[in-house]
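Reading through the structure tokens given below for one structure.
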Amino acid sequence: MQVVYHDVIIVGAGLAGLRAAVELAGKQDVAVLSKLHPLRSHSGAAQGGISAALGNAEKDSPEWHAYDTIKGSDYLADHYAVQVMCNDAPRAIIELEHLGVPFSRFNDGRIAQRPFGGHTRNFGEAPVRRTCYAADRTGHVCLHTLYEQSLRKSVSFYDEYQVLDLCRAEGFVNGVVAIELKTGRLVMFHARAVMFATGGYGKAWKTTSNAFANTGDGLGIALDNGIPLQDMEFVQFHPTGLYQLGILITEAARGEGGVLRNGKGERFMERYAPSIKDLAPRDIVSRSIYEELRDGRGAGSMKDHVLLDLTSLSREKIAEKLPEIESFAKIYLGIDPSDVPIPVLPTCHYAMGGIPTDVNGRVTLDAQGKEIPGFWAAGEVACVSVHGANRLGSNSLLDLIVFGRRAGKDINRFLDRVCLAPLPLATDSADRVRGMIESFMGRSAGETVASVRIDLQKVMMDRVSVFRDEQGLSDAVEKLAVLQERAAGIRVSDQSRSFNTELLEAIELQHMVNYSKVVALSALKRRESRGAHGRDDYPLRDDAAWLKHSLCFLEENGEVRHTEKPVDLSLASSRAEFVPKERTY
Ligand code: SIN
């Protein structure tokens, strides 16, 4: 098997991976592996913006940003990590501007800012304009800029290489095994440091804003290697996915003045969040939409969706600030949002949980913060944790940029002081990968990937989505155990080597089933409602029993082991604003 050496291997070419690469380039020999072309990474789909208390539109402060983030998280976010992110945000935006991101501007030339859900001034007083943007293509322009900067700094790219496993030696992570999609050949990448920036995992749900690639490969590989996943029960449904398609319609549409209406034409968010209405955090808006549907106030002949009404916005404003969603509405639904409201429904959008890390992106293995040397993670695959039980819109691009850079800096320090020479490469992971591929391709009988995946997506959508209860979650856990066995018995009929997508999907399916088991089991254990985790049978938040993170391991027999980890509440000891309390908006 071919072995390739680089000092640092970054897996994933979205914003977290590229920001780390830019930090490392010129100091270390750094390579980025991606199963896609980098510019197709899912960060490019983030539309509405990136938050930072720049105060360009009105008075603002990082402390108010931290307050909103912690309150929005339903008090599960770690305080120090949130402080790090919000304090660094203004610097990070100016840095992006200097790297070449073409932000939208106010007339005086400063970076424009718009309101977004849950972002307020003066500790919850009223919505604040905190989200910087480039029309509704913010992730897209950030991705292009960082890719250009990576090329300028001679980062090595391995496009269309899918990572299949980690390599480990003497307790350190020191490489990965990957398959080159074009040839089907396996390659071992040997390194002194490995970083995962592999993104999210929304493809386990039937309706999602996530791209086809978002199959949680990094999470699955972590689980296979005995690394836990944190807070996996918290999965965000974005309130406005295009009806029946799940394609994202940015929250900026409401930030710019759009409102949600039920089938009776009522602006129903006035009832659920009287103070900030349509700009309440996503967990609250998504739940409110489903309450309207449950009470028979949906729109359309089936009363099964609500409407996003932009008709009060001028045609010019929509064209300037929301061109992407205007074209989505026209292309996919054949409607002009200036004339008629857009039919929408919540869509699975974002994972708050992931591989646990410290604020420098170092992967941690237990509640005490024990590290696994040589291994970093950042972005949606990671759980720092700054989003707790519910992420505020426009905090995710910020998370990618801030913690991608911090991981890059920390890897530099590690390589300069700790790991001066590469540790010898062990071949056991390559043997494991080869064995797995041979078993999928060598079978004469077995189910197809699609049949198992469809059932998985149905279970997750029906039982592990916005509303949950004991019976549905227990049923999901049982069904997932069966799906795990079915997935292991898949037969790949395509025997070709070049771009064998059937094989790749079979491998992705193993990850999907494994992390879905963790999601369902942590959701079953957590007998309370908090943020995106809404239990019909335990409708209240229970801080006495559940103000803690969950931390789950996948045992060798395929069972999930559930443990817990304390939440960092350090700000609450000195500031009353940060003490957990009932969330009202
Ligand atoms: C949006 O524009 O609503 C999506 C961006 C995000 O999830 O923060």
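When Lys and Arg each count +1 and Asp and Glu each count -1, what net charge do the other residues less than 15 Å away from Ile331, Cβ to Cβ, add up to? Intermediate results must be reported in sequence, preceding the final value.
Details: positive: Lys330; negative: Asp136, Glu324, Glu326, Asp336.
Once all neighbours under 15 Å are counted, the net charge is -3.
Going out from 0 in 10 Å bins, what whole percent of all Cα-Cα distances in the stretch 116-172 drops into each bin?
The percentages, shortest bin first, are 16, 22, 25, 21, 15, 1.
Can you give me the long-range amide H partners of Val4? Hydrogens built in the peptide plane at 1.01 Å from N, cutoff under 5 Å, separation of 5 or more residues or another chain.
Amide H neighbours of Val4: Met188, Phe189, His190.
If the only charges are +1 at each Lys and Arg Cβ and -1 at each Asp and Glu Cβ, what is the size of the charge dipole of the chain around the Cα centre, to the nearest 20 debye?
Using only the charged Cβ atoms, the result is roughly 660 debye.
Can you compute the helix-only [θ] at 222 nm over the chain? Use -39500 (n - 2.57) per DSSP H run of at least 4 residues, normalise by all residues, nearest 500 deg cm²/dmol.
Computed mean residue ellipticity for the chain: -10500 deg cm²/dmol.
So what does Asp217 come to for accessible area, using a 1.4 Å probe and Å² rounded to 10?
It works out to around 20 Å².
In what sequence, highest mean first, do 322-328, 65-71 appear when ranked by Cβ atoms within 10 angstrom? Before the final figure, lay out each step's value.
Numbers: 322-328: 19.6, 65-71: 25.7.
Ranking, from highest mean packing down: 65-71, 322-328.
Percent of alpha carbon pairs in the stretch 434-585 separated by more than 18 Å?
Working: 7457 of 11476 pairs.
Summing the P(r) tail past 18 Å for the stretch 434-585 gives 65 percent.
Which of Val82, Ser61, Leu524 sits farthest toward the positive end of the charge dipole of the chain, with +1 on the Cβ of Lys and Arg and -1 on the Cβ of Asp and Glu?
It is Ser61, whose Cα lies furthest towards the positive end.
Give the percent of DSSP beta bridges with both residues in the chain that are antiparallel, rounded to the nearest 5.
Here the share of antiparallel DSSP bridges comes out near 65 percent.
Could you give the semi-axes, largest first, of the ellipsoid that matches the stretch 180-268, computed as the square roots of 5 times the alpha carbon gyration tensor eigenvalues and rounded to whole Å? Before the final figure, lay out the partial values.
Working: eigenvalues 281, 49, 32 Å².
With the √(5λ) rule applied to the stretch 180-268, the semi-axes are 37, 16, 13 Å.
Might you tell me the accessible area per residue for the stretch 135-271, computed with a 1.4 Å probe and given in Å²? Let's see the in-between values first.
Values: 3870 Å² over 137 residues.
Counting only protein heavy atoms, the per-residue value for the stretch 135-271 is 28 Å².
What percentage of the solvent-accessible surface of the chain, computed with a 1.4 Å probe over protein heavy atoms, is contributed by carbon and sulfur atoms?
50 percent
Given N residues in the stretch 313-432, what is Rg(Cα) / (2.2 N^0.38 Å)?
Here the Cα radius of gyration is 1.59 times the empirical estimate.
Seen from all sides and averaged, what is the projected area of the convex hull of the Cα atoms in the chain, in nm²? Please report the intermediate quantities before stating the final value.
Working: hull surface 99.3 nm².
The number I arrive at for the chain is 24.8 nm².
Pro115: net charge of surrounding residues, Cβ under 15 Å, Lys/Arg +1, Asp/Glu -1, itself excluded?
Details: positive: Lys59, Arg114, Arg121, Arg129, Arg130, Arg254, Lys277, Arg282, Lys317, Lys321; negative: Glu58, Asp60, Asp68, Glu125, Asp136, Glu251, Glu256, Asp278.
With Lys, Arg at +1 and Asp, Glu at -1, the net is +2.
Run through the DSSP bridge list for the stretch 302-460 and note the antiparallel percent, rounded to the nearest 5.
So the antiparallel bridges in the stretch 302-460 amount to around 75 percent.
Which residue, chosen from Pro343, Gln368, Met436, occupies the Cα position most advanced towards the positive end of the dipole of the stretch 331-462, where the dipole is computed from +1 (Lys, Arg) and -1 (Asp, Glu) charges on Cβ about the Cα centre?
The Cα lying farthest towards the positive end belongs to Gln368.
What ³J(HN,Hα) values, in whole Hz, does the Karplus curve 6.51 cos²θ - 1.76 cosθ + 1.60 give for the stretch 306-319 when θ = phi - 60°, with x put for Gly and Pro?
With the stated coefficients, the stretch 306-319 comes to 10, 10, 9, 9, 10, 5, 7, 7, 5, 4, 5, 5, 4, 5 Hz.
So, counting K/R as plus one and D/E as minus one, what does the shell of residues with Cβ under 10 Å around Ala13 add up to?
Around Ala13, the surrounding residues sum to +1.
Let me know the shape class of the stretch 141-227, please: from the alpha-carbon gyration tensor, a ≥ b ≥ c as square roots of the eigenvalues, rounded when a/c is under 1.5, otherwise prolate if a/b is greater than b/c, or oblate.
The shape class here is oblate.
Give a residue-ordered list of calculated ³J(HN,Hα) values for the stretch 561-575 (Karplus: 6.51 cos²θ - 1.76 cosθ + 1.60, θ = phi - 60°; whole Hz; x for Gly, Pro).
My calculation for the stretch 561-575 gives 9, 9, 10, 10, 8, x, 8, 7, 10, 4, 5, 5, 6, 10, 10 Hz in order.
The values are calculated or read from the model by the stated rules, or taken from the named source; none is laboratory data. Nothing here was measured: the structure is a model prediction, and the numbers come from that model. Virtual Cβ from ideal backbone geometry, glycine too; neighbours counted across all protein chains shown. Ligands, DNA and RNA are excluded from the accessible area calculation, which covers all protein heavy atoms including side chains. Shrake-Rupley method; radii C 1.70, N 1.55, O 1.52, S 1.80 Å.
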